[in-house]
Amino acid sequence: MIKRKTVISLFLCFTFFALLAPAEALCKQLKIGSFPFEPLIFHKDGEPAGLFADLLKNIAEKEQWELKFVYGSWNECLQRMKSGEIDLITSAAFTAERGEYMDYCTENAFIVWGQVYCNKRNNIQNILDLENKTIAIMKNDFSGNYFVKLCGDFKINARFVEKDSFQQVLELTGREEVDAGITSHFFGYSNEKKYNIIRTPILFNPFKLFFAVKKGQNEDVIKTIDRYLSEWKQDKNSFYYKRLDYWINKDITDQISTPKWLKNLFYSLAALLLTSALIIYALNYKVKNATRELVKANEQLNKKIIENIEAKNKAEEANKIKSQFLANMSHEIRTPMNGVIGFLHLLENTPISGEQIEYVNMISKSAESLMVIINDILDISKIESEKLSLEKEAFPIDDTLSELSDFFKNKIEEKKLKLYIEKNGSMPFVYGDQNRLKQILSNYLSNAIKFTDSGFIILTAEVKYAASDECTIKFKVTDTGIGIPTERHEDLFKVFTQLDMSYTKKYSGTGLGLSIAKKLTELMNGSVGFNSVKGQGSEFYSEIPFKIARADSAETKNNGGEDQMKIFNGPRDKTSTNGKVKILLVEDNAISQALMKYVIGMSGHSMEVASCAKEAVEKYRSGEYDIVFMDLQLPDSSGFEVSSEIRLMEKNAGRRSVIIAVTAYAMESDRKKCLESGMDDYISKPVNIEKLTAIIDKYRSNDAA
């Protein structure tokens, strides 16, 4: 009897485990590297917590994954990934070095900024305040390594101390063992009170965080995570956005009733305004330092020659740093501005309430004002660093005057003024830079409109001297505005100069317009001047010499506003049908990708996206495209190198596509470099939607022809 019961028990056990085994075999086991990075991933009461932990748990439950979180420091997680002790890591920023042993998801899980924190003993307001300071960073941290390089670019002499975790960085900062510490802005926000630290205005280098796996392993895992992230991001009520709202808003921001899209726009604009303020503050700081050095040199007569030479060298070095800084800031500011202005334009054409329309209009005006400030600062930088070159093309003076009249028509009507165009003498075709001439006269006209509340404005062009091949034309803008007090005449045409604080409050501006007009006129070998009486009005003028172009010459006949840049110069495959074109966008910024997809989609064209140089080359090798929109700054290479590689492939394949640079850089040297690398055209950020559509139509027309 006992033997019979034993046999039955063994049979039942064997049957149970045989049925259970297939279910267990389907359960994928994954070891997850976890490190303290609140509020994204951390351990609480022995259990994994945070945004990334919640996302993984949700996916694992649906996909029947078994997760084991292996806790340690960030550097321990990296070492375990290299050795294969863990299968997946969270919160990983992409670098070329990490790409050698990790495969990344395509969809990013979150975006963070680097932030500088200090203790209460230090008053740190900008990067220059870090001179001779000790700064703690986490070993192998993306933000920390970037900030070390940033300090090197600005010649900031600082000492860096590497620690194993963000907690150790903030502990040293709060205990005043170091002057400052670098961490991500969200981790810092979550721990400010705990470590008794102070948030500084220095916010820098936004970067994406991804899930990543061991190189060559678990390809199905990252594809599955990509699928979930992509689906979640399309639904604002998804699990992703609910957990994002919980973890990010829980302890950091107050819940307010303002729509979330509007808050995001305000936050972006605030960050841009803060960045602009930092630029101006840094420039003023350097100017004051240079002035102080010159005063000391004058006081010390015995060392006058030596100190003058040293001051000159320092000024040249500071100017180089400033120019490079402004070029970099152009990219950093114009890239998010591309999204702000582009989506604002699209938002205006969607059903929104009257109150929301008012908000959108206010943001649009602020964004336009900010772009004027950015462009003015960049122009001054290019002029002072002698990197601004003038075009020499034939154009009619009459067209220039007409275009200015059309451009300012709405502003004139808004203020109920009158604008008169007067020409004394026949206006010839001339050789020169029409755009820069319009910039000079636009600055004069803008000031006249700004400071005139009633009456009229006159734009006069007068031929002062004429010969068979040259002439001198005097351009003058006269207004009936507020006029300028005599005691302030000597301050005009100086950089960052306005009349006084009362005028600054009423008539906003950078104070750069007249300075730019003067410097551009002088670059054209001309001269400027003005006459003004307080309460009666002002007149500003530029006298500029030109070479005369014959009205029947080839240059004047071809001058119709068309871009003279190089276009198709070889055969290429016809992949478009019914006037539609196939487009490849090479762009790593998600917002810019979304904007381009939307605009191009509305036009009925098809578009594919490559987020890095490697992906762009692979897509082009296997596909056929009519137009390639190429960002110049990619995470793994540059747009110049990718364009050169594409042109090399085309020589062997016997086909050719149009390549158009889309970049936040605005220097003339970058335009020339685009053409030299094989690109056909150039459009700068922020991208104007009408211009984007027009440039597609332009090359579609060329294709059809």
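No value in this document is a laboratory result; all are computed from the given coordinates. Owing to the predicted nature of the structure, the values given are computational and were not obtained by experimental measurement. Cβ placement follows ideal geometry from the backbone for every residue including glycine, while neighbour counts extend to all protein chains displayed.
Quick notes on this structure:
- Rotationally averaged projected area of the range 24-164 (alpha carbon convex hull; nm²): 10.8 nm²
- A protection proxy built from the mean count of other Cβ atoms within 10 Å ranks the segments 33-39, 94-100, 133-139, 541-547, most packed first, as 33-39, 133-139, 541-547, 94-100.
- Within the shell defined by Cβ-Cβ distances under 10 Å, the residues around residue 171 carry a net charge of +2, with Lys and Arg each +1 and Asp and Glu each -1.
- Exceeding the 22 Å Cα-Cα cut-off - candidates 392/673; 392/474; 28/242: 28/242
- Considering only 240, 213, 200, the residue lying farthest towards the positive end of the dipole of the range 173-240 is 240, judged by Cα position with unit charges set on Cβ.
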